[in-house]
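The values are calculated or read from the model by the stated rules, or taken from the named source; none is laboratory data. Keep in mind that what you see is a predicted model, and the values were worked out from it rather than measured. Cβ sites come from the backbone with ideal geometry, for glycine too, and all protein chains shown count toward neighbours. The area values use the complete protein model at the heavy-atom level, side chains included, leaving out ligands, DNA and RNA. Shrake-Rupley method; radii C 1.70, N 1.55, O 1.52, S 1.80 Å.
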Amino acid sequence: MGFFDLCMMLILVVLAAGAVAVARRARQRREAWASGLTAEARVIRAWVTTRMVNNVLHRVQWHEYVFTTADGRAVRFKESGGPRVRAEGDTVLIHYTAHAPDKATAGEPRPGAEAAGTTVWLLLFAGVAVLVIREWVTLS
């Protein structure tokens with residue numbers, strides 16, 4: 001097995017890990033919305049990360065929240081993709097599950113949009129994986 005084969009396998013592993021992460025977070029959000037458990041959370045930190053991809057600047061808004069569960073436990077969690085206008089000290093309604101309150105979401109329930117977005121990402125990962133495998137076979 002050569003260096004080329006190792007690189008191709010590494011690319012496929014990264015694609016698989018990305019697909020698993022997207023599917024896992026979508027499942028966590030659906031479970032949080034379906035649980036019916038909500039709480040008021042306070043934004044304790046808000047920040048933006050940036051990165052350049054093909055000379056295009058991509059910004060991701062992050063928030064860190066703290067809330068108290070129905071049984072009195074204090075919980076902190078971080079979530080990306082929130083609105084830019086949400087600032088430190090703001091109070092928002094969050095959804096969480098009793099068994100994993102740290103996987104909460106401050107996103108509004110949008111199961112259809114969540115399913116569509118997840119499907120698009122998984123199809124993208126699958127398409128890239130097919131291209132990688134095709135090139136691997138062709139160039140081997």
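Let me know the volume per residue of the alpha-carbon convex hull for the chain, in Å³.
On the way: hull volume 19.9 nm³, N = 140.
Hull volume normalised by residue count: 142 Å³.
Where only protein heavy atoms count, and the probe is 1.4 Å, what is the accessible area per residue for the chain in Å²?
Details: 9050 Å² over 140 residues.
Value returned for the chain: 65 Å² of accessible area per residue.
What ³J(HN,Hα) values, in whole Hz, does the Karplus curve 6.51 cos²θ - 1.76 cosθ + 1.60 give for the range 92-107 when θ = phi - 60°, with x put for Gly and Pro?
Karplus values, whole Hz, x for Gly and Pro: 9, 7, 10, 10, 8, 10, 5, 7, 8, x, 6, 9, 5, 9, 9, x.
Would you be so kind as to identify which of 65, 17, 97 lies farthest towards the positive end of the dipole of the range 1-111, taking Lys and Arg as +1 and Asp and Glu as -1 on Cβ and the Cα centre as origin?
The listed residue farthest towards the positive side: 17.
Let me cross-check residue 133: its accessible surface, 1.4 Å probe, with only protein heavy atoms counted, in Å² to the nearest 10?
For residue 133, solvent-accessible area is about 80 Å².
Quick one: angle between helix 111-139 and the longest Cα principal axis of the chain, in degrees between 0 and 90, rounded to 10, please.
The answer is roughly 20 degrees.
Shape verdict for the range 95-140, please, from the Cα gyration tensor: rounded (a/c under 1.5), prolate (a/b greater than b/c) or oblate.
Note, shape of the range 95-140 comes out prolate.
Net charge within 13 Å of residue 19 by Cβ-Cβ distance, Lys/Arg positive one each and Asp/Glu negative one each, not counting residue 19 itself? Numbers along the way, then the final one.
Numbers: positive: 24, 25, 27; negative: none.
For residues surrounding residue 19, the net value is +3.
Let's see if you can work this out: charge +1 on each Lys and Arg Cβ, -1 on each Asp and Glu Cβ, no other charges. What is the dipole magnitude of the chain about its Cα centre, in debye to the nearest 20? Walk me through the numbers before you get to the answer.
Working: 17 positive and 12 negative charges, 25 e Å.
Value, rounded to 20: 120 debye.
For the range 1-74, report the translational diffusion coefficient in µm²/s to the nearest whole number, using Stokes-Einstein at 4 °C, 1.567 mPa s, and a Kirkwood Rh over Cα pairs. Could you put the intermediate results ahead of the total?
Values: Rh = 16.4 Å.
For these conditions, the coefficient is 79 µm²/s.
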